[in-house]
Amino acid sequence: MATLWCMRIGSYIHHSNTIHDHTFTVPLDHNAPDAHDHGTVDIYAREIIPPGGDNLPYLVFMQGGPGVEGPRPGDFRDGFIGRMLKDYRVVLLDQRGTGRSHRLDKLTLSSLGNQSVTDEGDHAPTAQEIADYLMLFRQDQIVRDAEVVRRELAGDEPWTTLGQSFGGFINTCYLSIAPEGLRAVFNTGGLPGLTDIDSIYRLTYERTAARNRAYYERYPDDEPMIRRIAAHLRDHEECLPTGERLSTERFRMIGICLGGQLRFDTLHYMLEAPFVTVNGVSRLSRHFLQQVADEVAQTTPMYAVLQETIYAATTPALAGTATRWSADRLSREIAGFDPDAAPLDTSEPYYLTGEHMMRSIFDEDPELTGLGEAADILANRTDWPAVYDPEVLAENSVPVASAVYFDDMFVPRELSLETASAIRGSRVWVTNEYQHDGLRVSGGAVLDHLFALQRD
């Protein structure tokens, strides 16, 4: 599908690198028979060219998420982007619905109703309209956007792609539906399971429980503190700086920190002194509540809204299935995660949650309230298009090299290794040296290993 419109909107020098800002207007639904008649969306890409790198091949970076914009570091020469720039001219893509690519949130989604004008004037979108719109922000549409960008920038030449976390999900879709656009593929913590969502979440809960136990072993005093805070929130009203009451269930979402190399210990600092005494009464400090808000408030709300949709009926064999709030349902079945468990009952484990989006947060987070009904529709849909094709992957000819983190809390290694085996010619580096954020915290070390693996 050809782009409708492309424009370079700016060029400048940034710490010796040449930066080109590009905007592409593409069909909202690439798969529609008359895609141009179904609306459009603007896609933004930042092209980075190192000094003397005009003839280097292209590499596009697929950001983790979903719903998260491409990276915007202070200096592109640092970290993993700096490592990429040694061998490539790099494209940082804002995936549709993020950053400068028509960012989705309550405000922008409210304008959907203005696309249909009646005699009475514009109308607010219905939950069904929002859900139908959000179906067009999954892996397959992102790949088609990327193909538009590739053809505009590189012509007929294929390019290399690097996917972090959800970015690896996009890469696996890329291999399934547009492998002709790819020269090579690298994944870090991002080989998706080609199975049903419940099987995926059972493993993520298992791995999250293991990270909780590792945390409690390192900081044994923090487990009773977590239980105390959770019990306090059951009986006392404590509000986040944004004004809403903090629930026990939402507090437990700070466990997202357990999945990273750096924030594992940051969590301990947060829990060092959460309580203050005011007029003889224990209260949670404003400082602590701000720290909690920084972790659990959905500043990129589509991360929560689209979280389970990326696992919905992803292969032809899963056609006709629904996610049905998988993380929420399973939390009541798995020891340590039941939202109704008594925090002070030490006969049972009590764990923080991870990348598990509960239905209740759509009634609590100000950025999500009003989107719950649309999220319910998405959770019960069964008409999802497949985004991975195991038959195509089995005949793959594109070089693929992936880092699989042994203790990954978000993308279970067992399923990643099964997927690697299903992709012909795929090579894997399994390591417990890093957690899910290994690409970022290692500087260029993870990429050095993957680039060498692909060349070997």
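Couplings for region 128-142, taken from phi via the Karplus curve 6.51 cos²θ - 1.76 cosθ + 1.60 with θ = phi - 60°, read 5, 4, 5, 4, 4, 5, 5, 4, 9, 10, 9, 4, 5, 5, 5 Hz in order; Gly and Pro are left as x. Would you mind classifying region 341-412 by shape? Square roots of the alpha carbon gyration tensor eigenvalues, ordered a ≥ b ≥ c; an a/c under 1.5 is rounded, otherwise it is prolate if a/b is larger than b/c and oblate if not. Cα axes put region 341-412 in the oblate bin. If you roll a 1.4 Å probe over region 128-212 with all protein chains in place, what percent of the accessible area is carbon or sulfur? Here carbon and sulfur together make up 45 percent of the probe-accessible area.
The stretch between residue 8 and residue 276 holds 91.1 nm of extra length on full extension. This uses 0.36 nm per residue minus the Cα-Cα distance.
With protein chains left intact and a 1.4 Å probe, residues in region 173-236 average 36 Å² of accessible area per residue. When exposed loop sites are taken as GluC sites (Glu not before Pro) in a DSSP loop with at most 15 other Cβ atoms within 10 Å, the longest stretch of the chain clear of them is 1-119.
P(r) tail for the chain, what percent of Cα pairs lie past 43 Å? The share of Cα pairs beyond 43 Å in the chain comes to 14 percent.
Counting only protein heavy atoms and using a 1.4 Å probe, what share of the accessible area of region 235-317 belongs to carbon plus sulfur, as a whole percent?
In region 235-317, the share of accessible area belonging to carbon and sulfur is 51 percent.
Taking Cβ atoms as reference points and 12 Å as the exclusive limit, the residues near residue 228 contribute a net charge of -2, counting Lys and Arg as +1 and Asp and Glu as -1.
Note on residue 31 and residue 234: the extension gain reaches 68.3 nm, defined as 0.36 nm multiplied by sequence separation minus the Cα-Cα distance. Any chance you could check the Cα centroid distance between region 409-456 and region 89-103 for me, in angstrom? Spelled out, the Cα-based centre of one part sits 24 Å from the other. A 1.4 Å probe run over the protein chains yields, for region 248-402, 40 Å² of accessible area per residue, whole-number rounding.
How would region 127-208 be classified by its alpha-carbon gyration tensor: rounded, prolate or oblate, with rounded meaning a/c under 1.5 and the a/b versus b/c comparison settling the rest? Let's see the in-between values first.
On the way: a/c = 2.88, a/b = 1.37, b/c = 2.11.
Oblate, since a/c reaches 1.5 and b/c is not below a/b.
The values are calculated or read from the model by the stated rules, or taken from the named source; none is laboratory data. Note that the coordinates shown come from a computational prediction; the quantities given were computed from them, not determined experimentally. FYI the Cβ positions are ideal-geometry reconstructions off the backbone, even for glycines, and counts take in every protein chain you see. For the accessible areas, the whole protein counts, side chains as well, though only heavy atoms, and no ligand, DNA or RNA atoms are used. Shrake-Rupley method; radii C 1.70, N 1.55, O 1.52, S 1.80 Å.
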